Amino acid sequence: MIQAQAAALAGGRFGSVMHDAAPGAGAGWLDRATTSAAVRLVLASLLMLFLELALIRWLGANVVHLAYFSNFVLLGSFLGIGAGFLISRKPWSIWGVSFPLLAILSLGVLVFPVAIQRSGADVIYFTTMTINGPPAWLALPVIFLLVATILAGPAEIVGRCFGQLPPLTAYRYDLIGSLLGISAFTLLSFLRAPSLAWGVVAIALYLVLSPPRRRPVTAFWACILLVALGRETFTPGVSWSPYNKLAVQAVPDVGRDLIEIRANGVPHQIMAPAAWRLTQGEHIYGMPYLRFPANPLNDVLIVGAGSGSDVAIALSKHARHVDAVDIDPQIMALGARLHPDRPYSDPRVTRHVNDGRAFIENTDRRYDLILFALPDSLTLVSGASQIRLESFLFTQESLAAVRAHLKPGGGFAMYNFYREPWLVDRLAGTAAAAFGHAPCVDTYADMQAVVSVARDAADQHCGKAWRPASAQVVAPATDDRPFLYFRGGTFPPLYAATLLCIFAASLVTVRTLGGPLRTMRPYADLFFMGVAFLLLETKNVATFAMLFGTTWLVNALVFAGVLVIVLAAVETTRRVRTPPQPLVFAGIAASLALAWIVRPEWLLQLPFAPRLVAATLLAFLPIFLANVAFSKRFQDTGDSQGAFAVNLLGAILGGCLEYSALFVGYNNLLIVTGLLYLAAFLLSPRAGRAPLATA
């Protein structure tokens, strides 16, 4: 998300070349603003990025389908930012409808909830069992267009402020505002603040940025937004974690009330006594202990410990020490407070809020038993990738690391409601590849399944040998292609149709607001730069998630790091005489080649500090050089509007092409990125050619 915003805003900053003298009637009130253009620019950029992050998170929590397709919201944000910059050249304004639409969208989603059931066999989603609201083909486009229109408002203010400041100075303030925006949202995530807090921040910024004559109208819509988000926030049992909107409710049962946790509207966990689970026919919870009858259970690791039910069962089996790992701190806190067995109060249990794969890679402890206890996420890592929170947990490399952390005689098991026979077979095949022998596989109704495998084949006792139910077992997921729930073979039709519609809508928007597309042909190189930069950042998100975990903090630091590197590139361009473009592009090619050669899994062998240094250099060096090349090229543009529109289309296409990682893998995205930068270089103005204009 940051990369397209940085690239798009970099394009918009050169609008002062042609439009300083005629900002347009729609911008007249800006000249009378009491705050300076620089301050307004910082605040508008802060609002723009904060809104983008908040909408991705909030819509994903309330529209079930968007928890897995949040990049649709992201691409809508890209289009809105680009449209806002193009509108800033017009005599009319869209700012006045931005906040009302935000309030209407929030109220509409809460009053008319959308829960979309996905039941395909080739891509698996953990969703609700009922359908509410409009179908996906209608809900997704409407949300996409509303998000684009909402983001166009603050983007328009940013674009108009760019025209009042020197180009690189304006860009610097924009990046500062963006850093403040991501910092604000990160702080609220750390505090587990509810949606009402996000709304208060947005309202305050809208009020400050609105002209005095519009503030009463803004205040009216603020009341509607506060009522909507307040109702959500103060609903009994509702809380927010950095990943999910959680709702706790009692579930009546014979003789007792069980406690259910719903995450983003989907039934997620039930807090029940261990004795109840083991006697109510839920065989998956007790089966791992039957398959390793001689296991001493001195040290047990439970990944996906959640609210504590699996921990309670391990304690009932006389485990002497349990490391309970879960990525969601709020779910663990709910378990510590509400679970009837109080497993987290037991002195034998140590809680760890961490990504499961990251914990395994960084611990020195060896275990008698390692369990992956229903660690299915209900959200993506970010809007800029197709990585789920548990994606790197079920790869072949991850299970190899699990085996390395087992004591002699130790065992590993994973269990869940897998829903499809091919997925059970894929996990069993992954375990067989990592451990060197076939696992035990126990299946029950509704495709509940347990895959159990001992470090040594002699230490596991299977009821019967595993025989795949599928005609052909899907190859194991890998760190390069961590798409466990994607069967492969064909591109999901819903993805293809939606992405084509998004790109078509982008073409229409740019053509309508920016003029004929043929006038933009001289900036074809900027189109390829936009595509390449988005793919580059997508790859870096995946790499850091694999190396350091899929936690919200790692994700926030990566995006903040991108902004800092872009800011460093701008300052370098402003203050230092940079090499000619051929040398800069050669540096981009060399840095991409180095990042492709040095496989991320090699870095996993390093201690944390050198791993962080190496990963940072490999990821951010090409980003820095790409932004130097981008800034230098824009200094020679004569039609910043056309150049910006072309770059915007490239960024949106890059967001669509991110799905190509499903087939080529994340590391090979670097090859695609390199070819795109080569195309950009070949299409750029030749050395010695007179520039079209100078800023």
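Tabulated data
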item	result
Surrounding net charge for residue 533, when Lys and Arg each add one and Asp and Glu each subtract one, Cβ distance under 14 Å	-1
Least to most buried among 323, 525 (fewest other Cβ within 10 Å first)	323, 525
Inter-label distance, nm, simple model (7 Å from Cα along the C-beta direction), residue 577/residue 660	3.8
Alpha carbon centroid spacing (whole Å) that separates the stretch 73-114 from the stretch 423-456	47
Inter-centroid distance (Cα atoms) of the stretch 167-215 relative to the stretch 487-520, Å	29
In nm, spacing of pseudo-spin labels at residue 190 and residue 97 (7 Å Cα→C-beta vector)	3.9
Sites residue 601 and residue 445 - FRET efficiency at Förster radius 41 Å, r taken between beta-carbons, to 0.05	0.60
Using a Förster distance of 25 Å, the FRET efficiency for residue 462-residue 275 (Cβ separation, nearest 0.05)	0.45
Cα-centred dipole magnitude for the stretch 270-333, charges only on beta-carbon of K, R (+1) and D, E (-1), debye, nearest 20	280
Gap separating the Cα centres of the stretch 522-557 and the stretch 340-371, nearest whole Å	31
In order through the stretch 545-555: 3J(HN,Hα) via Karplus (6.51 cos²θ - 1.76 cosθ + 1.60), integer Hz, x for Gly, Pro	5, 6, 7, 10, x, 9, 6, 4, 5, 4, 4
Highest average packing first - 332-338, 530-536, 544-550, Cβ atoms within 10 Å	530-536, 544-550, 332-338
Packing-based ranking, highest mean first, of 436-444, 350-358, 619-627 given that Cβ atoms within 10 Å are counted	619-627, 350-358, 436-444
Modelled FRET efficiency - R0 51 Å, residue 417 with residue 617, Cβ distances, 0.05 increments	0.75
Relative contact order, percent, the stretch 288-420 [alpha-carbon distance under 8 Å, six or more residues apart]	27
Charge sum, other residues only, whose C-beta stays under 14 Å from residue 563's C-beta, Lys/Arg counted +1 and Asp/Glu -1	-3
Full-extension gain in nm, residue 338 to residue 678, via 0.36 nm per residue minus C-alpha separation	116.6 nm
Peptides ranked, highest mean first, by Cβ atoms within 10 Å: ranges 568-574, 197-203	197-203, 568-574
Full-stretch length increase - residue 213, residue 250 - with 0.36 nm per residue and alpha-carbon distance subtracted	8.4 nm
For 467, 214, 487, 40, order by how many other beta-carbon atoms lie within 10 Å, fewest first	467, 214, 487, 40
Average Cα contact separation per residue, the stretch 175-235, under 8 Å, 6 or more apart, as relative contact order %	40
Cα→Cβ-extended label distance, 7 Å offset, between residue 519 and residue 589, nm	3.5
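Any read-out appearing in this document is the output of simple, stated calculations on the displayed coordinates, not a laboratory observation. Computed from a predicted model, the values in this text were never measured in an experiment. Note that each Cβ is placed from the backbone with ideal geometry, even for glycine, and that neighbours are counted across all protein chains shown.
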